[in-house]
Amino acid sequence: MTKVDLSPRPVEAMSPRQLERRGSLLAAALALVNETGVERLQMKQVSERSGVALGTAYRYFSSKDHLLAAAIADWHRRLLADLVADPRGARGPGSATERTVRFVRHGMRAYQRRPELARLRVAVATSTDPFASEALQALARADSAALGAVMPELPAASGELVRHIVGHAWQGELTAWVTGRTTLDDARRRLEDVVRLVLAPHGTGAAALVRPGEGHAGAGRPSG
């Protein structure tokens, strides 16, 4: 008996109409996560909200985990594009350290404004669905590419390691905040200090871990 391939269709093989349906499913999933949270969301709800039949939805996403991983990866990629293009942040003046600190600071603030999406990113990080894993790997590659655009002066070999460390630190601090093990201010501060630490050997003005004007007395200030 011939085995039927139930794998979802690859994005690159989709027609414009199929890409539109996929986008509708992603948008519906993100809207529902913001309204009801990650745990209570069901594929049937996404189908109803998007107007895409449930059976058709499974042709695009193998499971709820796959859908949610693709949804947060898509949102995060759009966030990265905005951060890289922002003339007040990653494209602004200063050293690679200063630009990267602004990049991660603004990124953490974006998740602060959308805490349910921070919870979603943490929730899908441990999924064992292989297609969800592919979406999360794509998210990590997008992180690396965006960080590469922020710090282009770093040598290729060391730059790859720096981007890897910063990307993992960002995920780790989001996880610590979402799970209640730290405050958002402390998570942001540690992430910025990781940036300064890993860029210090590259002569990018990263020697001090404490930001100008911020001593220990300011540790409890909100990030805004």
Longest the chain segment clear of trypsin sites (Lys or Arg not before Pro) sitting in DSSP loops (not H, G, I, E or B) with at most 15 other Cβ atoms within 10 Å runs 92-180
The value for the range 1-80 (convex hull of the alpha-carbon atoms, volume per residue, Å³) is 108 Å³
Per GNM of the chain with C-alpha springs under 10 angstrom, the most fluctuating residue out of E192, E98, E39 is E39
Per residue, accessible area of the range 88-210 with a 1.4 Å probe, heavy atoms of protein chains only, in Å², comes to 46 Å²
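Accessible area of the range 118-210 with a 1.4 Å probe: how many percent of it is carbon plus sulfur?
Working: 2650 of 4370 Å².
The C+S portion of the solvent-accessible surface of the range 118-210 is 61 percent.
If T126, T97, T179 are ordered by their accessible area, calculated over protein heavy atoms with a 1.4 Å probe, which sequence runs from highest to lowest?
Result of the area sort, largest leading: T126, T179, T97.
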Computed over the range 1-72, protein heavy atoms only, probe 1.4 angstrom, the accessible area per residue in square angstrom equals 59 Å²
Matching label for the computed Rg and Dmax of the Cα atoms in Å, out of (1) 16.4, 46; (2) 16.2, 49; (3) 19.3, 71, is (3)
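Hey, if we sort I72, I165 by accessible area with the 1.4 Å probe, largest down, what's the order?
These residues rank, largest area first, as I165, I72.
The values are calculated or read from the model by the stated rules, or taken from the named source; none is laboratory data. Treat the numbers as computed from the prediction; the structure is a model and nothing was measured. Backbone-built Cβ (ideal geometry, glycine too); neighbour counts: all protein chains shown. SASA here: full protein model, heavy atoms, side chains in, ligands and nucleic acids out. Shrake-Rupley method; radii C 1.70, N 1.55, O 1.52, S 1.80 Å.
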